[in-house]
1. How big is region 1-62 along each principal axis, measuring the range of its Cα positions in Å and listing the largest first?
2. With both bridge residues required to lie in region 23-173, what share of the DSSP beta bridges run antiparallel, to the nearest 5%?
3. Only bridges whose two residues both fall in region 1-111 count here: according to DSSP, what percent of them are antiparallel, nearest 5?
4. How would 28, 91 line up from fewest to most surrounding beta-carbon atoms within 10 angstrom?
5. Along each of the three principal axes of the Cα atoms of region 96-174, give the extent in whole Å, ordering the values from largest to smallest.
6. Can you tell me the length gained on complete extension of the stretch residue 60 to residue 159, counting 0.36 nm per residue apart and subtracting the Cα distance?
7. Suppose only helical runs count, i.e. DSSP H with n ≥ 4. What mean residue ellipticity at 222 nm does that imply for the chain under -39500 (n - 2.57) per run, divided by all residues and rounded to the nearest 500 deg cm²/dmol?
8. Using the eigenvalues of the Cα gyration tensor, what equivalent ellipsoid semi-axes result for the chain when each is taken as the square root of five times the eigenvalue, whole Å, largest first?
Ligand code: 5GP
């Protein structure tokens, strides 16, 4: 069986969109206590580009989650494998996600963070697959809406491979 990658979003298209999101966030978070919460591992590439497109003082923290049990179906059970390094009370939290698929991970994180009394919680996601939504989540800063395909690259993996691809692609097997 051979595997090939089909490009869905080029590095250039992603860079342009991430810059625009950064400019929008810069505009909307003036005078706020912005904390980017990077959801590991998949969001690390998006977050590193996004944070450099935001021209404001900000703090960055990381959250390790495991949302899939076996295979690629979301189990709805979100396990925190590595919690934030500092409290977020009174701060303006922007959750940085690679992709919102069923929405279960983000919904769970929003509920969790609200118990910690931040001033606000919003979501920035590079990708959204609305076809697979199981709960309604509001993505405040969205890169791209995509069709229901399993994508890799730009931080996203398949069995821990492909995270280093500079573009978003679909793995096709024949
Ligand atoms: P949700 O809870 O919204 O179903 O799942 C979100 C997480 O599932 C993402 O952060 C990501 O880790 C994983 N995921 C969902 N769709 C894809 C996909 O198409 N490709 C990859 N590599 N991961 C995905």
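1. 54, 24, 13
2. Rounded to the nearest five, the antiparallel share is 25 percent.
3. Taking every DSSP beta bridge with both residues in region 1-111, the antiparallel ones total about 25 percent.
4. Least to most surrounded, the residues fall as 28, 91.
5. Here the Cα extents, ordered largest to smallest, are 49, 25, 21 Å.
6. This chain segment gains 33.0 nm when fully extended.
7. Value at 222 nm, helices only: -7000 deg cm²/dmol.
8. 26, 19, 13
Just so you know, all these numbers are worked out from the coordinates, no wet-lab data involved. All values reported here derive from a predicted model rather than from experimental measurement. Don't worry about glycine lacking a Cβ; one is built from the backbone with ideal geometry, like all the others, and counts go over all protein chains shown.
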